Ligand code: DPP
Ligand code: ZN
C-alpha cells in the first residue's frame, strides 16, 4: 500500500458548507440520503472526488438531475461539476454485519457510530478529511419499538410519530465540524439526567445514556463530567457551547471513548462504575477519560486538525489537559508518577523500536495505526515542556490566543506554536526556546541525557557536565539536540536541600540544555552535594547520573521532590534486580529505606503504594540488552521474596493497622488507603515460596478476598492468591465467576487476571479460555482482556518455545478478518524482536513473518508487521 505523506498535503478543491443526512434505520438495510451543499474553492476543472467504502449506491444527482459518475472500492468521481451545487446521494449500508466497529454498526441491539478517523466514509460518500468543515442537520427514522431514543449531534429540533409504528427525530448542530465528529445512536437506553450552569449563566442539560438498569452506575461519570466542566472554565477559561451534552455507553467499541460534538460515545468500561464492580483504577480512568473527551470540545472540536498528521495537536494537548485535571483532583505527585510510569511502559519502548515515529509523523499507510502512546503521551509531555518553559501565566495567554485565533478552523502545530510566539514578544530568549520546541514534534526517539559531576570542596563549587544524544530511528539516521528543560536541586547527604537558592521555591531551578553538551558551575555548595535532577520528570528523556549509589539512597530518604524520591527507589530496585548475584547488603539497605518510607506519617498512602509497586518486568527489560525475560522474571520474584522475608513483621503490622472503611468512597485518599493495603498484602504474599508459615499467608489472602466489600479489594485478594496458586487460587476464581457471571465488565477482569498470572500453565489456560463460552473475539473489551493481558505477561508470553507468540499470531489473524483496527494494536508486542536474546528473538521474528505471509491481511496489520520486520 502507498503511504500518505504530509508533504503532499493539498487543501480540498471543494467545500461542503452544509450537510443534510436522513437515516432510515434497518439492521441489514439502512438507507442513508445525503444532501450536500458544495462550493468549489480549487481549480476550475478539478473533478469532485468523494470517499466511500462498502456503500451500496442507489442514486446520485446534482441539482436534482442525474449525473455521470465513476466509482472504485474507495472513491466516487464526478468529472465535471458546477462551481456551486447540491449533491444528493442515496446509499444502503448493513450495520448489523459491520464488525469493523467503524461507521454505523450495531452493538447489543442498538445502532451507534464511530467515525474517527475515517469511518464516516462507511456511512455515505463524503469528503472524509478533517479540514472539510460543515454544518450538519440529521434526520433519523426508526421503529418506535426497540428504538425509543434517536440521538445525534447538537440540538433536537423536532421529533414525532410516523405511520407503521415508526418515529423520527431531527437534529441540528450549529457548529462547523469535520465528519469524524459526527455521531448517531438509536436504541433502548436508560438515561441519567442532570444539569449545570456555566460561567456565563447558561443552563446545560446533561444526559448519560446507558444499558437498561445501569443508571445508578453512571453517577460517578456524571459527577466527573460536572467537575470537568467547572475545571475547564476555571483553569482554561473554556465554556461549553451547546444547551445539551450527551454521553452514551456502548459495549462494543474500538477506542476508549469518542468526543463527537455534543454526543460523546464511551466504551462502557470507561463509564459504568459502582463499588462492587469497578476498581479504584477504573474510577480514576473514568474520571480522566470523561475529562479528556469533554476537554476535546475545545481542543479538537472547536479547533480541529487540518490533517491527520496533526493528530497530536488535539490529542497531546487534550491529554495534557486531562492530566492537569487529574492532578488537581488526586494530587500532583502521585498523578505525575503514574503518568510517567505509563509513558515509560508504553511510549519509551515504542520510541526505541522499529515502530518509532515522531509526534507529528511525516507519513502513514493507515492513520488508525497512529493512535499511539507517542502521539498521545509524548505529545502531552511536549505541551508540558512548553508550559514549563513559558511559566503558567504565559502558557495560559498562549492557549487563550490559540483558541481565540483558531476557533472554527482546522489548525496545524505551526498555528499552535504561533500562539506562543504571539504572546512572548517581550522575551526573545523564551521566544526562541519555544520556537525550537518544534523539533520535539518532528524528531522521533527518546533523548538520553547524561550528567556527570565534580565537587570541589575547597572552592565549594559543583561542576555539572550535561550531554544529550538521541539514537537513530527508522528514516531518521541523524538527530539534532533538542531543548531539554531540566529542573535541578542540590541536596545534602540526607536528601535535604542545600538552601537557599535565589529561585521562586528557594530549592530548585530550571536549566535548559539546548546543545549536545553544556557545562555549569554551581557555587557556595557548603556540604558534599547530592544532585536531584529532572525533578517532577521535567522532560521525557532517559537520565543517567554519574554518581555513587549512596546519592540515590539520599534521595530515596529525603528528596523533597516526591517524583525523584520515587525515582530513586525505582533506580535502586532496578539495579538490584539486574544483578546476576543478589547483593545482600544492598537489599538490606533498600529494605531499610522501604521500611522508613512506609513508616513515614508525612507521606500519603497512595505514594507509599507506588513505592511498593517496584519496577515491572517490562521496566527492567528496558535496561537489559539483550532482554532475557526468564532472567528478569526470576530476579524480580527473588527480590520481592527477599524483601518480603526481611520486612514480614513490618508489612503485617502495617497491613493490620490500616483501617478498613465501612462505606465505600471513590475519593483519592480512600483509594490510596486501599492501594496501600493491597500492595502490602501483595508483598507479604511474595514471600510465599520461602515462608516459614505458608498456611498463615494463604489464610490471610483468602480472608482478604472473602471479606472484600468492593472490587478493588477483591482483585487485591485474587492477585495475592496468584502467589499461592493451587486450590486456594482456583476456588477464589470460581467464586468470582459464579458471583459476576452476568456482569460483562467484571468477567472481562476475570479473563485478564488469569491471562496475567505468572504461572507455568498460563498459556494452556489462556488457550482454553479462548474457547470458553463467554469468550467473544468480536467484542474488543473481551478480546483485549484475554489476549492483551496475555501479551503483557512477560515471562509467559515469552515462552522459550515460541508458543506464546504462536497464540498471539493466531488471535491477530482471526480478528484481522473483521476488525483490523483492533487486531493491529497487538502487533506491537512482537515488534521489538531485535532487542531480545535467543531463542526469543528468532521466534518473534518468525511469528511476524507468519503474519506477513498470511493471505488477505488488512492494511492496518500489514503496515505494522512490515515495519517491524524492516
Ligand atoms: N476517541 C479518541 C480519544 O479521545 C480519539 N479521538 O482520544
Ligand atoms: Zn482524545
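The values are calculated or read from the model by the stated rules, or taken from the named source; none is laboratory data. Source: prediction; values computed, not measured. Glycine gets a Cβ as well: all are built from the backbone with ideal geometry, and neighbour counts include every protein chain shown.
Remarks
- A single member of 147, 120, 182, 175 is surrounded by fewer than 22 Cβ atoms within 10 Å (Cβ to Cβ) and closer than 30 Å to residue 6 by Cβ, and it is 175.
- Candidates 612, 545, filtered to the one that is in contact (Cβ under 8 Å) with a residue 24 or more places away in the chain and closer than 30 Å to residue 684 by Cβ: 612
- Yes/no for residue 253 being within 16 Å of ligand 2 (Cβ to nearest atom), more than 15 Å from residue 149 (Cβ to Cβ), in a loop (DSSP other than H, G, I, E, B) and touching a strand residue (DSSP E or B) at 6+ places or on another chain (Cβ under 6 Å): yes
- Where a residue in the stretch 258-286 is on the phi < 0 side of the Ramachandran plot and free of Cβ contacts under 8 Å to residues at least 40 places away in the same chain and its partner, wherever it lies, is within 13 Å of ligand 1 (Cβ to nearest atom) and part of a loop (DSSP other than H, G, I, E, B), with Cβ under 7 Å and at least six apart: 270/256
- Test: residue in the stretch 580-588 that is closer than 17 Å to residue 676 by Cβ and not assigned by TED's automatic domain parsing to the domain that holds residue 349: no
- Taken together, 567, 595 contain a single residue that is buried (at least 20 other Cβ atoms within 10 Å of the Cβ) and either in contact (Cβ under 8 Å) with a residue 12 or more places away in the chain or in a loop (DSSP other than H, G, I, E, B) (or both), which is 567.
- Qualifying residue in the stretch 264-278 (condition: within 10 Å of ligand 1 (Cβ to nearest atom), over 13 Å from the mean Cα position of the chain (by Cα), assigned to a loop (DSSP other than H, G, I, E, B) and not assigned by TED's automatic domain parsing to the domain that holds residue 822): no
- Answer from 337, 367 - the residue that is in contact (Cβ under 8 Å) with a residue 12 or more places away in the chain, over 14 Å from the mean Cα position of the chain (by Cα) and within 26 Å of residue 324 (Cβ to Cβ): 337
- Qualifying helices (runs of 4 or more DSSP H) (wholly inside the stretch 296-396; at least 2 residues being within 16 Å of ligand 2 (Cβ to nearest atom) and in the same structural domain as residue 415 (by TED's automatic domain parsing)): 311-330, 332-342, 379-390
- Hits in the stretch 245-263 - residues which are closer than 20 Å to residue 98 by Cβ and away from ligand 1 (no atom under 13 Å from the Cβ): 248, 249, 251, 252
- Residues in the stretch 251-273 that are more than 24 Å from residue 205 (Cβ to Cβ) and surrounded by fewer than 24 Cβ atoms within 10 Å (Cβ to Cβ): 251, 252, 254, 255, 256.
- Among the residues here, residue 33 qualifies as at pLDDT 95 or above and assigned to a strand (DSSP E or B).
- The residue list 649, 588, 653, 600 contains one member that is outside any helix (DSSP H, G or I), more than 32 Å from the chain's Cα centre (by Cα) and modelled with pLDDT of 95 or more, which is 600.
- Checking each residue of the stretch 83-90 against the condition of being outside any strand (DSSP E or B) and either surrounded by 20 or more Cβ atoms within 10 Å (Cβ to Cβ) or over 26 Å from the mean Cα position of the chain (by Cα) (or both) gives at least one match.
- Residue among 209, 240 that alone is more than 16 Å from ligand 1 (Cβ to nearest atom), within 30 Å of residue 96 (Cβ to Cβ), outside any helix (DSSP H, G or I) and in contact (Cβ under 8 Å) with a residue 24 or more places away in the chain: 209
- Residue tally, condition over 18 Å from residue 206 (Cβ atoms) and either away from ligand 1 (no atom under 15 Å from the Cβ) or surrounded by 22 or more Cβ atoms within 10 Å (Cβ to Cβ) (or both), over the stretch 289-303: 3
- Test result for residue 58, closer than 24 Å to residue 171 by Cβ and loosely packed, with under 15 Cβ neighbours inside 10 Å: yes
- Taken over the stretch 790-815, the criterion of being surrounded by fewer than 20 Cβ atoms within 10 Å (Cβ to Cβ) and in a helix (DSSP H, G or I) is satisfied by 803, 806, 810, 813, 814.
- Per the listing 333, 393, the residue uniquely farther than 30 Å from residue 673 by Cβ and either away from ligand 1 (no atom under 16 Å from the Cβ) or buried (at least 20 other Cβ atoms within 10 Å of the Cβ) (or both) is 393.
- The lone criterion from (1) touching a helix residue (DSSP H, G or I) at 6+ places or on another chain (Cβ under 6 Å); (2) at negative phi left unmet by residue 82 is number (1).
- So residue 320, is it away from ligand 1 (no atom under 11 Å from the Cβ) and over 26 Å from residue 662 (Cα atoms): yes
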